[in-house]
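Asker: Can you read through this structure? Questions will come right after.
Derivation of every value follows stated rules applied to the coordinates shown; laboratory data play no part. This is a predicted model, so every value here is computed, not measured. Because the Cβ atoms are built from the backbone with ideal geometry, glycine has one as well, and the counts that use them run over all protein chains shown.
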Amino acid sequence: MKISIVQFEPVFKDKKINFDRIFNYSKDIISDIIVFPELALSGYYFLSRDEVSDMAESITGDFIKDLQELSSSQNKIIVLGFPEKEKNNLYNSAAIILPDKKKTSIYRKTHLFYKERFCFDYGNTGFFVIDYPEWDIKIGPMICYDWRFPEAARSLALQGADLIVCPSNLVTNSWQNALATRALENNVYVAVANRTGKEIRGEEELVFNGDSTIYNYNGDILCRAGKINDEIIETEIYPRETRKKSFNQFNDIFSDRMPEMYKL
Ligand code: ACM
């Protein structure tokens with residue numbers, strides 16, 4: 001099965017341009033799974049709830065509907081970040097759009113980074129896995145700063161994820177080794193879709209570092225984008241291969257766990 005990451009620079013607060021790019025990439029890329037960055041629809045650096053509210057989309061809106069139709073007609077999984085509005089709540093969310101509409105899911109970011117806490121509500125979905133037996137794959141979503149919490153990837157892996165998808169807007173260079181480790185310690189593929197470019201608000205500038213990466217389940221890099229340019233990276237993955245958690249005749253990284261010894 002082929003997976004692609006689209007690394008690009010969304011235009012802040014221009015949903016039309018961003019949506020057209022997301023839609024066209026999704027239509028034109030020949031791949032089974034296509035992953036876009038966090039808040040790909042809107043850009044990132046919001047400073048207030050009012051700003052987010054102006055950009056936020058309901059999951060019943062046209063934007064999801066159009067991508068759903070594309071996913072179903074072209075038999076592709078599309079993953080992307082967007083600002084979500086649900087009644088008075090605002091979430092930094094990822095849509096995991098599956099060809100079978102009933103399986104399409106929304107993950108709402110659990111760990112809010114920097115000033116996101118002033119703009120978004122804390123996600124209430126928790127970490128969950130989407131089982132797609134039609135393709136024999138289980139996909140676990142998380143978003144960007146969730147990477148700093150090993151519990152996130154572990155929760156997904158313990159629920160059976162073969163592939164962790166991580167739409168991101170990463171502004172440090174601390175995550176590359178950590179996410180290789182998340183892949184290795186859980187024996188799962190990890191696909192990190194980061195963005196590029198910068199956003200300037202007042203005196204402050206956020207620079208997004210690219211480096212989008214698909215990690216093999218042993219932590220090796222299968223493919224990685226550069227730091228600056230828009231880029232599509234892609235590779236083949238074999239989800240079933242992640243399910244054997246033993247690495248010699250005595251050790252198995254899941255059955256060797258000792259939860260009663262951990263204080264979490
Ligand atoms: C981040 O969570 N956008 C770093």
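Asker: Looking only at the chain, where both bridge partners belong to it, what percent of the DSSP beta bridges are antiparallel (to the nearest 5)?
Answerer: 70
Asker: Here is a further query. Mind jotting down the distance between the C-alpha centroids of the range 1-53 and the range 55-114, whole Å?
Answerer: First find each Cα centre; the distance between them is then 11 Å.
Asker: In a shell of Cβ-Cβ distance under 13 Å around Ser105, excluding Ser105 itself, what net charge do Lys and Arg (+1) and Asp and Glu (-1) give?
Answerer: +2
Asker: Right, another one. Given Cα pairs under 8 Å that are at least 6 residues apart, what percent is the relative contact order of the chain?
Answerer: That works out to 18 percent.
Asker: Which one, Phe113, Gly61, Tyr44, projects farthest toward the positive side of the charge dipole computed for the range 1-117 from Cβ point charges (K/R +1, D/E -1)?
Answerer: Checking the options against the dipole of the range 1-117, the answer is Phe113.
Asker: Based only on Cα atoms, what mean projected area does the convex hull of the range 164-259 have, in nm²?
Answerer: That works out to 7.9 nm².
Asker: Under 5 Å between amide hydrogens, which residues at least 5 positions from Glu9 or on another chain qualify, with H placed 1.01 Å from N in the peptide plane?
Answerer: For Glu9, whose amide H was placed from the backbone, the distant partners under 5 Å are Thr196.
Asker: Could I ask something else about it? For q = 0.23 Å⁻¹, what log10 I(q)/I(0) does the range 1-99 give under the Debye formula with an equal point scatterer on each alpha carbon and no solvent?
Answerer: Taken in order of the listed q values, log10 I(q)/I(0) reads -1.21.
Asker: Separate question: Once you order the gyration tensor axes a ≥ b ≥ c over the Cα atoms, which shape class does the range 61-118 get: rounded for a/c under 1.5, otherwise prolate or oblate by comparing a/b with b/c?
Answerer: prolate
Asker: On a full-extension model of 0.36 nm per residue, what is the gain between Asn75 and Asp220, subtracting their alpha-carbon distance, rounded to one decimal in nm?
Answerer: 49.3 nm
Asker: Considering only Ala153, Leu206, Asn218, whose Cα is most displaced toward the positive end of the charge dipole of the range 81-228, charges sitting on Cβ of Lys, Arg (+1) and Asp, Glu (-1)?
Answerer: Leu206
Asker: Next up: Quick one: if the Förster radius is 25 Å, what FRET efficiency do Thr172 and Ser255 give, using the C-beta to C-beta distance and rounding to 0.05?
Answerer: With a Förster radius of 25 Å, E is 0.15.
Asker: Taking amide H positions as placed 1.01 Å from N in the peptide plane, with prolines and chain starts having none, which residues 5 or more places from His111, or on another chain, fall under 5 Å of its amide H?
Answerer: Close amide H contacts, sequence-distant or interchain: Asp146.
Asker: Pop out the ³J(HN,Hα) list for the range 78-93 in order, Karplus 6.51 cos²θ - 1.76 cosθ + 1.60 with θ = phi - 60°, rounded to Hz; leave Gly and Pro as x.
Answerer: Running phi through 6.51 cos²θ - 1.76 cosθ + 1.60 with θ = phi - 60° gives 10, 10, 8, x, 7, x, 10, 10, 9, 6, 8, 9, 10, 10, 8, 10 Hz.
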